[in-house]
Amino acid sequence: GPIKAGNAFSATLTARNGAGAATPNFGRETTPAVPAITFTRRQPTGSGASDGVFSGSFGSYAGGVATASNLAWTEVGRGDLTATLTNYLASGLSATGSTGTGGAVGRFTPHHFDVAVSNACSGGAYSYAGQPFTTKVTARNAGGATTLNYDGSAATSPNFAQATTLS
């Protein structure tokens, strides 16, 4: 479902063997293996698209499964998670797994919008009834930063933001 930009979301990581079955002893090593987790933006694309900031990590394993409940991405769009384990038990072996390449994680939406109104009369103190005035709407993430991928311009595709006419 939709996730608000900057809010925490959860994911589950399962260590599997060559037959695809969970490996219940994974993570029970003397020094438990800790896969790195990364996020790749898939949507939007274009010259104006931002990768944002991804954060979070997986907890300890139980039965070969680890859960993260503190993952967060600061932007609007869709992406994929990739878990990578390098040099498992100093063997030189590595393993990787991903949600794919089609943007399986998200859709991330703005956390909230800030609206600023500029009065129409000189000095900016007031507007007359029926007089046009200017508004500016800014999409924000949970931390209050502007979500660059919600710009509604041709610099990102798809355009998540849409033009709106107020009357």
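Of the residues in region 130-150, how many are open to solvent by 70 Å² or more (accessible area, probe 1.4 Å) and in contact (Cβ under 8 Å) with a residue 12 or more places away in the chain? Break it down stepwise before answering.
From region 130-150, those open to solvent by 70 Å² or more (accessible area, probe 1.4 Å) are 130, 132-134, 136-137, 143, 148; that's our starting set.
In the following step, the residues that additionally are in contact (Cβ under 8 Å) with a residue 12 or more places away in the chain were identified as 132-134, 136-137, 143, 148.
So the answer is 7.
Restricting attention to region 8-38, which residues are polar (S, T, N, Q) and open to solvent by 50 Å² or more (accessible area, probe 1.4 Å)?
In the first step, residues of region 8-38 are kept if they are polar (S, T, N, Q); the result is 10, 12, 14, 17, 23, 25, 30-31, 38.
Selection gives SER10, THR12, ASN17, ASN25, THR30, THR31, THR38.
Scan region 83-99 residue by residue and report those that are hydrophobic (A, V, I, L, M, F, W, C), free of Cβ contacts under 8 Å to residues at least 60 places away in the same chain, outside any loop (DSSP other than H, G, I, E, B) and open to solvent by 70 Å² or more (accessible area, probe 1.4 Å).
Within region 83-99, just ALA90 meets the criteria.
Determine which member of the set GLY124, GLY106 is of a type outside the set (A, V, I, L, M, F, W, C) and part of a loop (DSSP other than H, G, I, E, B). Show your work before the answer.
On the way: GLY106 fails: part of a loop (DSSP other than H, G, I, E, B).
When all the criteria are applied, what remains is GLY124.
Name the single residue, out of those in region 100-129 being closer than 30 Å to ALA15 by Cα and either more than 20 Å from the chain's Cα centre (by Cα) or touching a residue at least 24 places away in the same chain (Cβ under 8 Å) (or both), that is most open to solvent (accessible area, probe 1.4 Å). Reasoning before the result, please.
Kept after step one, since they are closer than 30 Å to ALA15 by Cα, are these residues of region 100-129: 100-108.
Going one step further and asking which of them are either more than 20 Å from the chain's Cα centre (by Cα) or touching a residue at least 24 places away in the same chain (Cβ under 8 Å) (or both), we end up with 101-108.
Working: THR101: 113, GLY102: 70, GLY103: 6, ALA104: 70, VAL105: 18, GLY106: 19, ARG107: 84, PHE108: 0 Å².
Result: THR101.
When region 2-53 is examined, which residues are found to be free of Cβ contacts under 8 Å to residues at least 24 places away in the same chain and in contact with a strand residue (DSSP E or B) (Cβ under 9 Å, 6 or more places away or on another chain)?
So the first thing to find is which residues in region 2-53 are free of Cβ contacts under 8 Å to residues at least 24 places away in the same chain, and the list is 17-21, 30-31, 53.
VAL53, the sole residue that qualifies.
If you take the residues in region 151-167 that are free of Cβ contacts under 8 Å to residues at least 40 places away in the same chain and polar (S, T, N, Q), which one is nearest to GLY46 (Cα to Cα)? It would help to see each step written out before you state the result.
Looking only at region 151-167, we keep the residues that are free of Cβ contacts under 8 Å to residues at least 40 places away in the same chain, and these are 152, 161-167.
Keeping just the survivors that are polar (S, T, N, Q) gives 162, 164-165, 167.
Details: GLN162: 17, THR164: 22, THR165: 26, SER167: 32 Å.
Within region 151-167, the match that is nearest to GLY46 (Cα to Cα) is GLN162.
Tally the residues that are modelled with pLDDT of 95 or more, in a strand (DSSP E or B) and surrounded by 17 or more Cβ atoms within 10 Å (Cβ to Cβ), restricting the search to region 44-81.
Within region 44-81, residues that are modelled with pLDDT of 95 or more, in a strand (DSSP E or B) and surrounded by 17 or more Cβ atoms within 10 Å (Cβ to Cβ) number 9.
The values are calculated or read from the model by the stated rules, or taken from the named source; none is laboratory data. All values derive from a computational prediction rather than experimental measurement. In this analysis, Cβ positions are derived from the backbone assuming ideal geometry, glycine residues included, and neighbour counts consider all displayed protein chains. The area values use the complete protein model at the heavy-atom level, side chains included, leaving out ligands, DNA and RNA. Shrake-Rupley method; radii C 1.70, N 1.55, O 1.52, S 1.80 Å.
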